[in-house]
Amino acid sequence: FLLTAVSAMIGTVAGRLARIIDRARLLEDRIEAAAQGRPMAAAYEELKRLRLRGCLVNACIALLTFCAILIGLTIVALFLGETTEINILRVATVSFLSGVSCFLLALICFFAETLLATRILKFGKPS
């Protein structure tokens, strides 16, 4: 079940990363097309926030991938422990708890990114 949750999270977070990249490309095009004397401070500030969001999303994807690897190793360890004489319970325990820790850290990254994403919304307030 955890691997299913991890794969769903990776899909969700990858979609957010795609939207961040698309928005950054749009802003970069606007900056390049802007007249020389026109200040683009707001666009540069938004790019800065998008860069931070992108870093959080990348960290989230890395943690989720590492989580999936650790859970896979847990399954392998448990299988080997049952089919051979190798006492591998401690390895399985450590890999499982490490995988769950990675998943929790990924959720924290996801939460932080969503907070940053909603912070820039104005909700109808004038600039």
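Conditions (1) closer than 18 Å to ALA106 by Cα; (2) open to solvent by 80 Å² or more (accessible area, probe 1.4 Å), marked per residue:
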{"site": "ILE21", "(1), (2)": "no, no"}
{"site": "LEU27", "(1), (2)": "no, no"}
{"site": "ARG30", "(1), (2)": "no, yes"}
{"site": "ALA35", "(1), (2)": "no, no"}
{"site": "ARG38", "(1), (2)": "no, yes"}
{"site": "TYR44", "(1), (2)": "no, yes"}
{"site": "GLY54", "(1), (2)": "yes, no"}
{"site": "LEU64", "(1), (2)": "yes, no"}
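Within the range 80-121, the set of residues being open to solvent by 40 Å² or more (accessible area, probe 1.4 Å) and more than 23 Å from LEU64 (Cβ to Cβ) comprises LEU80, GLU82, THR83, THR84, GLU85, ILE86, ASN87, LEU89, ARG90, ARG119, ILE120, LEU121. What are the pairs, 6+ residues apart or on separate chains, where a residue within the range 28-50 that is closer than 21 Å to LEU116 by Cβ and without any contact (Cβ under 8 Å) to a residue 60 or more places away in the chain has its Cβ under 7 Å from a residue that is open to solvent by less than 100 Å² (accessible area, probe 1.4 Å) and outside any helix (DSSP H, G or I)? If the second residue must be open to solvent by less than 100 Å² (accessible area, probe 1.4 Å) and outside any helix (DSSP H, G or I), the pairs left are ILE31/MET40; MET40/ALA34.
Within the range 70-100, the residues that satisfy the criterion of being among the small types (Gly, Ala, Ser) and without any contact (Cβ under 8 Å) to a residue 24 or more places away in the chain are ALA77, GLY81, ALA92.
CYS60 meets the stated requirement of being open to solvent by less than 30 Å² (accessible area, probe 1.4 Å) and either at pLDDT 95 or above or outside any loop (DSSP other than H, G, I, E, B) (or both).
The values are calculated or read from the model by the stated rules, or taken from the named source; none is laboratory data. Since this is a predicted model, take the numbers as computed values, not measurements. Positions of Cβ are backbone-derived with ideal geometry, glycine not excepted, and every protein chain shown enters the neighbour counts. What goes into the accessible areas is simple: the full protein's heavy atoms, side chains included, and nothing from ligands, DNA or RNA. Shrake-Rupley method; radii C 1.70, N 1.55, O 1.52, S 1.80 Å.
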